[in-house]
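Readers should treat all values here as calculations from the given coordinates under stated rules, not as data from a laboratory. Worth saying up front: this structure is predicted, and the values here are computed from it rather than measured. As a convention, Cβ positions derive from the backbone with ideal geometry for all residues, glycine included, and neighbour counts pool all protein chains shown.
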């Protein structure tokens, strides 16, 4: 196989061979390769170029995603699998982005908690459920629960949610008992802990 065309763009190099195949690699690998236009390469070298190109494109794709928003390790792994079927390349990219701090599940979990509990007023149970779906480990979930379960913001969120729900129940001609039961059920369905609900309602004289 003959290297017929070699084009440079920034830190990328595209190598085009005599059969029409083309591979994008990083400049460092190309320099180490020592390839020049007109060189013939054997199958082993071609396989190495093919794999390096696949890795480079997969890593570039992962980094482009992570520049826009944060992802968990599981989420990035799933996205990478839509771009390459080679398990080893996916794992090599995951290792790279973890090593350089582009993906950090612990940091993601606590940042997600802070965002959702304070801006979206989510319950701790709702947040934990979301994080588990995103692939956050049990160890990180346990750490989060231990640190955040007594956070006063949960009481505040229950109180605000309860006040909003009471307004919608006020014109339904319910007894006090029926109103209280519907209110508690509503808050539990949102994922709030029952003890937190009862404490918050007592604080607001809603029981």
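Using R₀ = 41 Å, calculate the FRET efficiency as 1/(1 + (r/R₀)^6) where r is the Cβ-Cβ separation of residue 118 and residue 47; round to 0.05. Show your work: numbers first, answer last.
On the way: r = 51 Å, r/R0 = 1.25.
About 0.20, to the nearest 0.05.
Which three lengths, in whole Å and largest first, does the range 153-203 cover when its Cα atoms are put on their principal axes?
So the three principal-axis extents are 31, 20, 15 Å.
For Cα pairs less than 8 Å apart in space and 6+ apart in sequence, what is the mean separation divided by the residue count of the chain, i.e. the relative contact order in percent?
On the way: 206 pairs, mean separation 27.6, N = 207.
With pairs under 8 Å counted, the relative contact order is 13 percent.
Rounded to the nearest Å, what's the spacing between the alpha carbon centres of the range 84-122 and the range 147-196? Just the number, please.
If we compute the Cα centre of each part, the gap is 33 Å.
Label points 7 Å out from Cα along the Cβ direction at residue 172 and residue 145: separation in nm?
So the two model labels end up 3.0 nm from each other.
Given a Förster distance of 22 angstrom, what is the FRET efficiency for residue 64 paired with residue 32, based on the Cβ-Cβ distance and rounded to 0.05?
Plugging the Cβ-Cβ distance into 1/(1 + (r/R0)^6) gives 0.35.
Could you list 72, 31 in order of exposure, starting from the residue whose Cβ has the fewest other Cβ atoms within 10 Å? Walk me through the numbers before you get to the answer.
On the way: 72 21, 31 10.
Placing the least packed residue first, the sequence is 31, 72.
So for the range 3-99, what percent of the C-alpha to C-alpha distances run longer than 23 Å?
31 percent
Of all DSSP beta bridges located in the chain, what percent are antiparallel, nearest 5?
100 percent
Given the alpha-carbon gyration tensor of the range 105-148, what are the semi-axes of its equivalent ellipsoid in whole angstrom, ordered largest first, with each equal to the square root of 5 times an eigenvalue?
Details: eigenvalues 45, 21, 18 Å².
Result for the range 105-148: semi-axes of 15, 10, 10 Å.
Which number do you get for Rg(Cα) / (2.2 N^0.38 Å) in the range 127-177?
Working it through for the range 127-177, the quotient is 1.68.
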